[in-house]
Amino acid sequence: MLKNISRRKFAFIERIKLTLKYFCGAVVIFSLSNGIAVKFWYPDHYLFLTGTDKLLWLMASVSLIVGPLLILIVSNLDKPKTALRRDVAVLSTLQFLALGYGIYALYQGRPVAVVFEVDRFRVVSAADVLMEELPEALPPFRALSLSGPKTLSVRRSANADEKFEAVNLALQGFDLGQRPKYWQPIYNARRQVLERSRPVSELLAHYSMSRFDIQDRLIELKVQSQTARFLPVSARTTNWTAVVGEDSQLVGFVPYDGFF
């Protein structure tokens with residue numbers, strides 16, 4: 001009986017060792033692949049602004065919790081070695097496929113442009129872009145960014161046909177900021193940005209309970225609350241506030257809804 005207990009204890013320890021090896025490998029692969037993706041595709045606060053942090057937590061749960069737990073469950077050392085290797089290989093393959101799909105989702109959801117539209121900034125992801133219009137974009141904007149979004153604005157419709165097309169596509173879910181042929185440099189809309197933006201003092205007054213947090217964030221952005229201005233930001237899952245400097249340039253974001 002003691003011999004059987006000792007054998008089961010040894011088998012359990014070996015299963016733990018196998019699970020820990022698998023977990024360490026998963027940590028390395030997940031950290032490298034997702035760390036590189038996030039660093040280049042989601043700089044600054046864009047991971048949270050786009051709501052992608054939730055996807056990252058889901059991917060981490062699958063890779064670092066569910067995967068190792070399944071390995072612990074299936075790694076019965078009483079199995080023939082071929083069967084054990086097969087089970088581990090199948091689980092590893094499934095986890096790699098899930099990780100690959102997650103990275104593809106990160107790639108498609110990456111922000112490629114922050115576009116000024118009339119009275120707001122819109123964060124546009126790669127999946128949001130009307131791709132067939134890319135060849136019609138200005139030369140600098142014909143390739144979607146792989147290193148963070150470009151700050152752009154949109155031009156006005158040139159004629160009645162474009163206005164009709166814009167309304168029709170808007171009804172289909174494509175706003176001007178998602179249409180590359182309307183993209184133009186942000187400095188073309190400098191006057192409109194200044195006209196449509198509001199003093200940060202209004203933001204501080206509206207969120208009076210969070211006044212000190214907002215002021216700390218403004219200090220991090222190296223702007224003064226007396227001169228800075230703001231515009232609301234529309235993203236897929238969140239609404240934040242864009243902080244605009246005296247020169248109408250976008251300098252950063254604060255995580256408070258600017259639509260008020």
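General observations
- Candidate set: region 171-186, residues that are surrounded by fewer than 14 Cβ atoms within 10 Å (Cβ to Cβ) and not hydrophobic (A, V, I, L, M, F, W, C); chosen: the one farthest from GLU117 (Cα to Cα): GLN172
- Total residues in region 46-73, condition over 15 Å from SER125 (Cα atoms) and of a type in the set (Phe, Trp, Tyr): 1
- Looking only at residues of region 211-240 that are open to solvent by 60 Å² or more (accessible area, probe 1.4 Å) and either in contact (Cβ under 8 Å) with a residue 40 or more places away in the chain or in a helix (DSSP H, G or I) (or both), we find that the one that is nearest to VAL254 (Cα to Cα) is ARG217.
- Whichever residue in region 89-116 is among the hydrophobic types (A, V, I, L, M, F, W, C) and open to solvent by 40 Å² or more (accessible area, probe 1.4 Å) and, among such residues, is nearest to PHE174 (Cα to Cα): ILE103
- Number of the condition not met by ALA205 [criteria: (1) under 30 Å from PRO139 (Cβ atoms); (2) of a type in the set (Gly, Ala, Ser); (3) out of contact with any helix residue (DSSP H, G or I) (no Cβ under 6 Å at 6 or more places or on another chain)]: (1)
- In region 71-85, the residues that are closer than 16 Å to ILE16 by Cα and outside any helix (DSSP H, G or I) form Cβ pairs under 6 Å with partners that are open to solvent by 40 Å² or more (accessible area, probe 1.4 Å) and of a type in the set (Asp, Glu), at six or more places apart or across chains, as follows: LEU77/GLU14.
- Only residues that are outside any helix (DSSP H, G or I) and over 27 Å from ALA228 (Cα atoms) were counted in region 166-194, giving 5.
- Of all residues in region 14-45, those that are assigned to a helix (DSSP H, G or I), surrounded by 13 or more Cβ atoms within 10 Å (Cβ to Cβ) and within 13 Å of the chain's Cα centre (by Cα) total 5.
- Yes/no for ASP119 being closer than 20 Å to TYR42 by Cα and open to solvent by 20 Å² or more (accessible area, probe 1.4 Å): no
- Test: residue in region 159-170 that is of a type outside the set (Ser, Thr, Tyr), surrounded by 16 or more Cβ atoms within 10 Å (Cβ to Cβ) and either touching a strand residue (DSSP E or B) at 6+ places or on another chain (Cβ under 7 Å) or closer than 24 Å to ASP257 by Cβ (or both): no
- Some residue of region 145-158 being open to solvent by 90 Å² or more (accessible area, probe 1.4 Å), of a type in the set (S, T, N, Q) and either touching a Pro at 6+ places or on another chain (Cβ under 8 Å) or at pLDDT below 95 (or both): no
The values are calculated or read from the model by the stated rules, or taken from the named source; none is laboratory data. In this text, all values refer to a predicted model and were calculated from it rather than measured experimentally. Positions of Cβ are generated from backbone atoms using ideal geometry, with glycine treated the same way; all protein chains shown enter the neighbour counts. To get the accessible areas, we keep the full protein, side chains included, count just its heavy atoms, and leave off ligands, DNA and RNA. Shrake-Rupley method; radii C 1.70, N 1.55, O 1.52, S 1.80 Å.
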